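Accompanying notes for the structure given below.
Here, each number is a calculation from the coordinates, and none is a lab measurement. The structure displayed is predicted, hence computed values, not measured ones. Here the Cβ positions follow ideal geometry from the backbone for every residue, glycine too, while neighbour counts run over all protein chains shown.
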Amino acid sequence: MDRAYYAEKGLFVGITALICAFYFFAPTLFTFKSSLVTRSGEVTDVKTFYNRVESSRGGSSIKSELKFTLKSSESVYVLIKNIGQSGYNSRFEKLATELKNSKEATVWIKEKQMDEFKPTVFQIADRNGEILYDFKESKSKSKFGFLISFGVGVFGIGLYLFHKYRKKPAHNKT
């Protein structure tokens, strides 16, 4: 067994996992409420979609999406969640009903994403200011992804460093 080969693969996997952790998950996870701005307006085109997603290993799961727009902006606001094999996301269906009933909403997004077509949604409130989708709920999916990616990254790099810098036992010639 060539340990050097596997240690180098561990380094590659570790660096890739750390890049993924900081590129995909950290921007959402490390966003603070003070850096968010609000967009308010009349809610239009509230729809919930379900799409089957095939994995590279032959399995599949269902991805649910809640999409809506505000008349005051050109943006489409999207919430996405993988719901496994369920086929129904009661949380998004309830949220869609609440948005339709409210007819007006306020959405919190990053200030630097104000001109983007699909900004990241951090919080949603109805016309009365009641929070429908909380800041903590939006960050929860990023927390799990960040921790897993970061852990795999540290393990892979640690494996490489352990192999490269460990003291090798001295061979006695007698």
Rh (Kirkwood, all Cα-Cα pairs) for the stretch 1-58, Å, reads 16.6
Considering only DSSP states other than H, G, I, E and B, which chymotrypsin sites (Phe, Trp or Tyr not before Pro) in the stretch 63-143 qualify as loop sites with at most 10 other Cβ atoms within 10 Å?
F117
Loop-only GluC sites (Glu not before Pro) in the stretch 39-118, please: DSSP not H, G, I, E or B, and at most 11 other Cβ atoms within 10 Å.
E74
Have a look at the stretch 33-121 and give its Rg and Dmax from the Cα atoms, expressed in angstrom.
14.6, 43
Considering amide H positions built from the backbone, and no H for Pro or chain starts, which residues 5 or more places from R127, or on another chain, come under 5 Å of its amide H?
E104
Just to be sure I understand: with springs between alpha-carbon atoms less than 10 Å apart, which residue in G41, G156, G129 has the highest mean-square fluctuation in the Gaussian network model of the chain?
G129
May I ask for the net charge around I157, where only other residues with Cβ less than 15 Å from the Cβ of I157 are counted and Lys, Arg are +1 while Asp, Glu are -1?
+2
In whole Å, what is the distance between the alpha-carbon centres of the stretch 23-46 and the stretch 48-77?
17
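Once the Cβ-Cβ distance between F12 and K168 is put in as r, and R0 is 35 Å, what FRET efficiency do you end up with, to the nearest 0.05? Intermediate results must be reported in sequence, preceding the final value.
Details: r = 23 Å, r/R0 = 0.66.
Plugging the Cβ-Cβ distance into 1/(1 + (r/R0)^6) gives 0.90.
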Apply the membrane-span-like helix rule to the chain: whole DSSP H runs, Cα extent along the own long axis of at least 20 Å, mean Kyte-Doolittle hydropathy at least 0.0. List the helices found.
3-20, 135-165
Once the Cβ-Cβ distance between F135 and Y50 is put in as r, and R0 is 30 Å, what FRET efficiency do you end up with, to the nearest 0.05?
0.70
Binned at 5 Å starting from 0, the alpha-carbon pair-distance distribution of the chain in whole percents comes out as 1, 8, 12, 14, 15, 13, 9, 7, 6, 4, 3, 2, 2, 1, 1, 0, 0, 0
Restricting attention to the stretch 1-66, which trypsin sites (Lys or Arg not before Pro) occupy a DSSP loop and are surrounded by at most 15 other Cβ atoms within 10 Å?
R57
Sorted by chain and number, the residues with a modelled amide H under 5 Å from that of V121, at a separation of 5 or more or across chains, are V78
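Using helices alone, I'd like the mean residue ellipticity at 222 nm for the chain: each DSSP H run of four-plus residues gives -39500 (n - 2.57), total over residue count, nearest 500.
Working: 4 runs with 66 residues, N = 174.
Theoretical 222 nm ellipticity from helices: -12500 deg cm²/dmol.
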